[in-house]
Amino acid sequence: MPIFKPFRGIRPHEDYLERFPSHPIDNYTQEELNRKAQEDSSYIQMIKPFVCSKSKDVDRNLRKIRTNFEEMLDSNKLVQDASCYYLYEQIHPNKSIFRGLLGLVSVEDFWAGKIKRHESTIPQKKENLAYYLEKVNLQADPVLLTYPANSKVELLMNYEEKNVPTVNIVDSQCIRHKIWKIDNRLKMLQYKEVLDQVDSFYIADGHHRIGSTALNAKLQKEKNKKHNGTEGYNFIFSFIVSNQSIKIHDYNRYLTDLGGMKPDEILEKLQKSFTIYEKGSSPYFPSQKFHISMYLDGLFYSLHVKNELRSNEASLHHLDHHLLDQYILKDIFGIENTDSSERIKYLKGNSSVEGILKLKEKIDDGHGAVGFGIYPVSFNEMLRISDNKISMPPKCTYIEPKLISALIMYDMK
């Protein structure tokens, strides 16, 4: 069973609670980051040397972030709690509720396969993030982990929610965030006892974050002759949620060009691996697994993967994204490295026709030439892939909840 331990979380003082947290920096344009970096006592201002600095002295920039953090802690703009778990809940405008626990998991459990992954990572991105952690020693974005629901954990959280939350704010997207501190020793022991029954955690979102934290820990361990496994760098800030509190949505693709082919030629080549059904001009969301939606030349098509190409549940050939990569992007459009091709663009969906409408808009506006909508991966399918140590292609799943940065932070020092 993987370790899940309490920690001394750091959070904004209540006077700065509304302004300090941020949505992940990848969500912002550079212009937006520059503007937000001017907001006093905000997380973006704290990491301004990383996101906005014109200086090419990376080490100096990262050291400045650490200095900024420590100054905010010293001035009580940030406060550090006693060791605890945190119950964290999001309530969305559409009434969706996501909840789980914030704590630390062990790098050793990740290496041992008790924390399982389903996607491959890009080495350079992982190395860059590891270097950031080495210099800043602060984790502000928890990794999202999941596990099959445990009724005892759910019951404990139900009891905790009857108390007044420590944090209760609404962000710019009208999502309410509530946090309860669980610092009573008896309660923490109860949580530990039931969580010890969980066999494995599965990475839902944050493969690069957990990979970079593990890489940093490996490098620090090599430098530290007195390493004993209890060092701060040996743990990963995590948000664990059961399958009752995540939603796995479609992650769709479009190509910027047709590779010099005409639509009729593409349709003819598709017949080798797919049975094709024209759906007309109305947006078509794939109705089930092994059905891929295609938008080409103003028309939608349903591409049914031929039976002989489908495989059992412990194979990549059971995954629509892999079948799309192999029999369309590679075989027809000649894209050998689908992981890094500039011709492929990605669009997040929400398990409805809305994601398909976004694809259609990109094609109709001339930003793309052909679009593909993919049926969402199921929770059990994600677990089977992880259990069998199979790596999905990048961007196969868009998973909610999405977390905001720096609502709670973990200081690795």
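The values are calculated or read from the model by the stated rules, or taken from the named source; none is laboratory data. Every value quoted in this text rests on a predicted model; they were computed, and no experiment measured them. We place every Cβ from the backbone using ideal geometry, glycine too, and count neighbours over all the protein chains shown. Side chains included, ligands, DNA and RNA excluded: accessible areas come from the protein's heavy atoms. Shrake-Rupley method; radii C 1.70, N 1.55, O 1.52, S 1.80 Å.
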Task: Condition check for Asp320: surrounded by 14 or more Cβ atoms within 10 Å (Cβ to Cβ), under 24 Å from Ile248 (Cβ atoms) and of a type outside the set (A, V, I, L, M) - done: yes
- [ ] Keeping to region 244-273, report how many residues are closer than 25 Å to Gly349 by Cβ and in a loop (DSSP other than H, G, I, E, B).
- [x] 7
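Give the residue that is least open to solvent (accessible area, probe 1.4 Å), with candidates limited to residues of region 16-45 that are part of a helix (DSSP H, G or I) and touching a residue at least 60 places away in the same chain (Cβ under 8 Å). Working first, answer last.
Step one: list which residues in region 16-45 are part of a helix (DSSP H, G or I), which gives 16, 25-27, 30-36, 43-45.
Filter once more, keeping what is touching a residue at least 60 places away in the same chain (Cβ under 8 Å): 16, 25, 43.
Numbers: Tyr16: 53, Ile25: 51, Tyr43: 17 Å².
Among those that are part of a helix (DSSP H, G or I) and touching a residue at least 60 places away in the same chain (Cβ under 8 Å), it is Tyr43.
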TODO: Filter region 149-182 for residues that are closer than 22 Å to Asp15 by Cβ, modelled with pLDDT of 95 or more and part of a loop (DSSP other than H, G, I, E, B) and give the result.
DONE: Val164, Pro165, Thr166, Ile175
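When you scan region 221-230, how many residues do you find that are open to solvent by 30 Å² or more (accessible area, probe 1.4 Å) and either of a type in the set (Ser, Thr, Tyr) or part of a loop (DSSP other than H, G, I, E, B) (or both)? Give the derivation first.
Looking only at region 221-230, we keep the residues that are open to solvent by 30 Å² or more (accessible area, probe 1.4 Å), and these are 221-228, 230.
So of that shortlist, the ones also either of a type in the set (Ser, Thr, Tyr) or part of a loop (DSSP other than H, G, I, E, B) (or both) come out as 224-228, 230.
Adding up the residues that qualify gives 6.
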Open item on the list: in contact with a His (Cβ under 7 Å, 6 or more places away or on another chain), open to solvent by 40 Å² or more (accessible area, probe 1.4 Å) and in a loop (DSSP other than H, G, I, E, B): is that true of Ser282 in this structure?
Closed with: no
Open item on the list: Against the conditions (1) within 24 Å of the chain's Cα centre (by Cα); (2) surrounded by 12 or more Cβ atoms within 10 Å (Cβ to Cβ), where does Asp81 fall short? Just the number, please.
Closed with: (1)
Task: Close pairs (8 angstrom Cβ cut-off, 6 or more residues apart or separate chains): small (Gly, Ala, Ser) in region 74-97, outside any strand (DSSP E or B) and open to solvent by less than 70 Å² (accessible area, probe 1.4 Å) anywhere - done: Ser83/Pro6
TODO: Answer yes or no as to whether Ser55 is in a loop (DSSP other than H, G, I, E, B) and buried (at least 16 other Cβ atoms within 10 Å of the Cβ).
DONE: no
Open item on the list: When you scan region 290-307, do you find a residue that is touching a Leu at 6+ places or on another chain (Cβ under 8 Å) and open to solvent by 50 Å² or more (accessible area, probe 1.4 Å), even just one?
Closed with: no
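Residue check: is Val194 more than 21 Å from the chain's Cα centre (by Cα) and either within 29 Å of Tyr16 (Cα to Cα) or surrounded by fewer than 20 Cβ atoms within 10 Å (Cβ to Cβ) (or both)?
Considered against the rule, which asks whether it is more than 21 Å from the chain's Cα centre (by Cα) and either within 29 Å of Tyr16 (Cα to Cα) or surrounded by fewer than 20 Cβ atoms within 10 Å (Cβ to Cβ) (or both), Val194 comes out as yes.
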- [ ] Give the number of residues within region 389-405 that are open to solvent by less than 40 Å² (accessible area, probe 1.4 Å), farther than 19 Å from His249 by Cβ and not in a strand (DSSP E or B).
- [x] 1
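Name the single residue that is most open to solvent (accessible area, probe 1.4 Å) among those in region 323-364 being among the basic types (Lys, Arg) and closer than 18 Å to Met392 by Cα.
We begin by selecting, within region 323-364, every residue among the basic types (Lys, Arg); these are 330, 343, 345, 348, 358, 360, 362.
Still in the list and also closer than 18 Å to Met392 by Cα: 330, 345, 348.
Details: Lys330: 59, Lys345: 67, Lys348: 90 Å².
Selected residue: Lys348.
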TODO: Determine which member of the set Ile65, Ile122 is in contact (Cβ under 8 Å) with a residue 12 or more places away in the chain, out of contact with any Lys or Arg (no Cβ under 7 Å at 6 or more places or on another chain), open to solvent by less than 20 Å² (accessible area, probe 1.4 Å) and over 14 Å from Ser238 (Cα atoms).
DONE: Ile65
